[in-house]
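Asks: Please see the structure below; I have some questions.
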Amino acid sequence: MGSAKIDRLIAASGYRGSIVVASRGVTTRQLSRGADPHAWQDLAHGMRYADNIRAALVNALSGKAPARAAEIEARAIAYQQRLTALDRDTRARIAALPAERRRVITSHDAFGYFAAAYGITFIAPRGWTTGSEPSAEVVARIVRQARNAKASAMLVENISDSRLIERIAREAGLAVGGKLYSDALSPPGTEADTYLKMFEHNVRTLVAAMSAGVAGTEP
């Protein structure tokens, strides 16, 4: 959601307290339509989000509840360690794959930060957005693009209609490699209901999809 929309929501709510920008300090990707909001798809940015939230909570509690502030500091350290370990593991698992396998098709351009951080090429077909059904001409173009790009697999996003992906995959001769979480978590108690679980799920799904048919690899 753009900052202008957030500002309007804050104004409409009548909120008068402190406002914390969790993404402060993150350098955004610039697309033709503006800043790419999906910065959480790079764990280094996730660490920045977590640290901004930690600082805001500690600042709010230090004078009123110092014990709670200290508890938040300790939890934040542990959480950052988990993020660092997952980042290291992600890099190692993806680097183990041949470079030519690290090419996948997704339904829209939500993984640019992931691509830059971890060395995967995500191809988001031109003329296809999650807000509209593509025409037959657009579908044909997507199929040609998938073939020309020599992608390893197509992946469904949790905000997209899987039937269209499956149709395009059949026509392009690709496997549907699973579901990625791009803009939303899964329901509570399921596979990707927290940031860490979402990221772990996406990495597992991507590695499995790109590893299909590669001897000696484990998803």
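The values are calculated or read from the model by the stated rules, or taken from the named source; none is laboratory data. Predicted, not measured: the structure shown is a model, and the values here were computed from it. Cβ sites come from the backbone with ideal geometry, for glycine too, and all protein chains shown count toward neighbours. The area values use the complete protein model at the heavy-atom level, side chains included, leaving out ligands, DNA and RNA. Shrake-Rupley method; radii C 1.70, N 1.55, O 1.52, S 1.80 Å.
Asks: Mind listing just one residue for me: the one in segment 149-188 that is at positive phi and among the small types (Gly, Ala, Ser) and, of those, least open to solvent (accessible area, probe 1.4 Å)? Break it down stepwise before answering.
Replies: So in segment 149-188, the residues at positive phi come out as 150, 173, 178.
Checking which are among the small types (Gly, Ala, Ser) leaves us with 173, 178.
On the way: 173: 67, 178: 27 Å².
Only one residue tops the list, namely 178.
Asks: Is it true that some residue in segment 49-57 is of a type in the set (D, E, K, R), in contact with a helix residue (DSSP H, G or I) (Cβ under 6 Å, 6 or more places away or on another chain) and at pLDDT 95 or above? Walk me through how you get there before you give the answer.
Replies: Going through segment 49-57, the residues of a type in the set (D, E, K, R) turn out to be 51, 54.
So of that shortlist, the ones also in contact with a helix residue (DSSP H, G or I) (Cβ under 6 Å, 6 or more places away or on another chain) come out as 54.
Going one step further and asking which of them are at pLDDT 95 or above, we end up with 54.
Checking segment 49-57: at least one residue is of a type in the set (D, E, K, R), in contact with a helix residue (DSSP H, G or I) (Cβ under 6 Å, 6 or more places away or on another chain) and at pLDDT 95 or above.
Matching residues to (1) modelled with pLDDT of 95 or more; (2) more than 24 Å from residue 31 (Cβ to Cβ); (3) assigned to a helix (DSSP H, G or I); (4) among the aromatic types (Phe, Trp, Tyr):
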position: 73; (1), (2), (3), (4): yes, yes, yes, no
position: 79; (1), (2), (3), (4): yes, yes, yes, yes
position: 91; (1), (2), (3), (4): yes, yes, yes, no
position: 104; (1), (2), (3), (4): no, no, no, no
position: 128; (1), (2), (3), (4): no, no, no, yes
position: 132; (1), (2), (3), (4): no, no, no, no
position: 154; (1), (2), (3), (4): no, no, no, no
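Asks: Go through 46, 112 for me and flag whichever is more than 30 Å from residue 167 (Cα to Cα) and in contact (Cβ under 8 Å) with a residue 60 or more places away in the chain. Give the derivation first.
Replies: Working: 112 fails: more than 30 Å from residue 167 (Cα to Cα).
Step by step, each of 46, 112 is checked, and only 46 is more than 30 Å from residue 167 (Cα to Cα) and in contact (Cβ under 8 Å) with a residue 60 or more places away in the chain.
Asks: Please determine, by comparing only the residues of segment 101-113 that are closer than 20 Å to residue 33 by Cβ and in contact with a helix residue (DSSP H, G or I) (Cβ under 6 Å, 6 or more places away or on another chain), which one is surrounded by the fewest Cβ atoms within 10 Å (Cβ to Cβ).
Replies: Residues of segment 101-113 that are closer than 20 Å to residue 33 by Cβ, as a first pass: 106-113.
Still in the list and also in contact with a helix residue (DSSP H, G or I) (Cβ under 6 Å, 6 or more places away or on another chain): 111, 113.
Working: 111: 27, 113: 22.
Step by step, filter segment 101-113, then rank; the result is 113.
Asks: Please give the number of the condition residue 98 fails out of (1) at pLDDT below 95; (2) surrounded by 19 or more Cβ atoms within 10 Å (Cβ to Cβ).
Replies: Every listed condition holds for residue 98 apart from (2).
Rundown of residues vs (1) closer than 22 Å to residue 86 by Cβ; (2) part of a helix (DSSP H, G or I), yes/no style:
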residue: 5; (1), (2): no, yes
residue: 9; (1), (2): no, yes
residue: 12; (1), (2): no, yes
residue: 21; (1), (2): no, no
residue: 46; (1), (2): yes, yes
residue: 50; (1), (2): yes, yes
residue: 56; (1), (2): no, yes
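Asks: Being at pLDDT 95 or above, of a type outside the set (Phe, Trp, Tyr) and out of contact with any helix residue (DSSP H, G or I) (no Cβ under 6 Å at 6 or more places or on another chain) is the requirement here; does residue 116 meet it? Steps first, answer last, please.
Replies: Values: at pLDDT 95 or above: yes; of a type outside the set (Phe, Trp, Tyr): yes; out of contact with any helix residue (DSSP H, G or I) (no Cβ under 6 Å at 6 or more places or on another chain): yes.
When the stated conditions are applied, residue 116 passes them.
Asks: In addition: Name the pairs whose Cβ atoms lie under 8 Å apart, with the first residue in segment 30-41 and open to solvent by 60 Å² or more (accessible area, probe 1.4 Å), the second among the aliphatic types (A, V, I, L, M), and 6 or more positions between them or separate chains?
Replies: What qualifies is 37/1.
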